[in-house]
Amino acid sequence: KNELFKKCLGKFNIPKGLELHSISELPGNTGCGSSGAFLVATLKLLSLMERRILATKDLAELACHIEMVDLGLSSGKQDQYASAFGGIISLEIDTQGEVTVTPLKLDYISRKHLNHNLIFYYSGISREANEILKEQNQSIGGCNKSAVAAMQRIHEIGYESKILLESGDLDGFGRSLHEHWELKKSMSSMMSTPFIDETYQFAMDQGALGGKVMGAGGGGFFMFYVPAEKHNNFRRSMQQRNLKEMDWQFDHSGVTQVYTI
């Protein structure tokens with residue numbers, strides 16, 4: 001009944017009965033790439049069982065193929081590649097879908113400060129990303145001028161963000177998140193809600209330089225960039241609104257085989 005499990009199993013020759021368990025620290029449909037991570041992890045496990053050697057990129061591409069082609073979902077390739085490779089990476093995707101992965105050159109101190117200054121809160125809203133992305137893609141594919149212009153500017157912000165991060169201008173990166181979110185909201189009526197807009201503006205008033213709703217939008221997790229000197233007041237204020245903060249850190253290893261029986 002689980003379509004993701006079913007499609008993964010169909011890619012391998014498993015000769016006998018198999019019991020699989022999936023355990024997640026986060027709920028699904030919250031914009032944190034859970035389906036991409038699930039696919040990458042499952043495919044890694046099955047490839048190890050079949051003793052089939054898959055390069056990290058091949059693993060990511062197979063996960064993308066299942067989600068985008070086999071299941072026909074309106075997703076991109078970023079979640080699968082992030083799960084497979086780990087770390088803080090740049091993805092350049094050409095018009096044929098070919099992906100070039102480049103680790104960002106952040107020094108240790110910048111990585112620690114970035115991890116410290118990005119603060120996540122669960123909105124309490126679960127949503128179906130496919131419908132939001134489908135509407136967004138229709139706007140772009142239908143040559144909606146404002147949507148196309150917004151996507152072009154988002155593309156530019158991606159390159160600018162890489163420069164800001166590698167130069168250590170973390171506050172500049174935080175401010176770029178705000179422009180990115182405003183552009184993203186303009187591309188789909190399903191991207192935000194009055195609750196999301198109100199919460200986002202409240203966070204900005206409490207010291208955030210920028211932020212966004214993770215994934216396709218519409219619910220899930222907020223991510224805010226907050227300078228260190230604003231943390232105490234910011235966290236107290238957000239806690240008063242009954243928003244639950246998520247404890248997190250960057251993972252630099254990507255998909256990992258924990259042990260072998």
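The values are calculated or read from the model by the stated rules, or taken from the named source; none is laboratory data. The model shown is predicted, which means the values in this text are computed figures rather than measured ones. Using ideal geometry, Cβ is built from the backbone for each residue, glycine included, and neighbour counts are taken over all protein chains shown. The area values use the complete protein model at the heavy-atom level, side chains included, leaving out ligands, DNA and RNA. Shrake-Rupley method; radii C 1.70, N 1.55, O 1.52, S 1.80 Å.
Assorted remarks:
- Inter-residue pairs, beta-carbon under 6 Å, first in contact (Cβ under 8 Å) with a residue 40 or more places away in the chain and in the range 226-251, second among the small types (Gly, Ala, Ser) and open to solvent by less than 80 Å² (accessible area, probe 1.4 Å), 6+ apart: Val226/Gly207; Val226/Ala208; Phe234/Gly207; Asp251/Gly86
- Every residue from the range 19-44 that is without any contact (Cβ under 8 Å) to a residue 12 or more places away in the chain and surrounded by fewer than 12 Cβ atoms within 10 Å (Cβ to Cβ): Glu19, His21, Ile23, Glu25
- Note on the range 106-120: residues that are open to solvent by 90 Å² or more (accessible area, probe 1.4 Å) and either closer than 19 Å to Phe234 by Cα or among the basic types (Lys, Arg) (or both) amount to 3.
- Counted residues, the range 184-203 - those being over 22 Å from Leu114 (Cβ atoms) and in a helix (DSSP H, G or I): 9
- Boolean, Asn115 is at pLDDT 95 or above and among the polar types (S, T, N, Q): yes
- Hits in the range 134-169 (condition: at pLDDT below 70, under 17 Å from Thr95 (Cα atoms) and loosely packed, with under 13 Cβ neighbours inside 10 Å): Gly141, Cys143
- If the condition is being open to solvent by less than 80 Å² (accessible area, probe 1.4 Å) and either in contact with a Pro (Cβ under 9 Å, 6 or more places away or on another chain) or acidic (Asp, Glu) (or both), then the range 183-202 contributes only Asp197.
- For the range 183-200, the set of residues classified as over 14 Å from Leu243 (Cα atoms) and either in contact with a helix residue (DSSP H, G or I) (Cβ under 9 Å, 6 or more places away or on another chain) or among the polar types (S, T, N, Q) (or both) consists of Leu183, Lys184, Lys185, Ser186, Met187, Ser188, Ser189, Met190, Met191, Ser192, Thr193, Asp197, listed by residue number.
- Phe12 passes every criterion in (1) modelled with pLDDT of 90 or more; (2) part of a helix (DSSP H, G or I) apart from (2).
- Test: residue in the range 231-244 that is outside any loop (DSSP other than H, G, I, E, B) and under 20 Å from Ser110 (Cβ atoms): yes
- Residue that is modelled with the lowest pLDDT [pool: residues in the range 67-76 that are under 21 Å from Ser24 (Cβ atoms) and within 18 Å of the chain's Cα centre (by Cα)]: Ser75
- Residue within the range 50-67 that is in contact (Cβ under 8 Å) with a residue 12 or more places away in the chain, surrounded by fewer than 17 Cβ atoms within 10 Å (Cβ to Cβ) and either touching a Pro at 6+ places or on another chain (Cβ under 7 Å) or basic (Lys, Arg) (or both) present: yes
- Enumeration of residues in the range 204-217 that are over 14 Å from the mean Cα position of the chain (by Cα) and either buried (at least 23 other Cβ atoms within 10 Å of the Cβ) or assigned to a loop (DSSP other than H, G, I, E, B) (or both): Gln206, Gly207, Ala208, Leu209, Gly210
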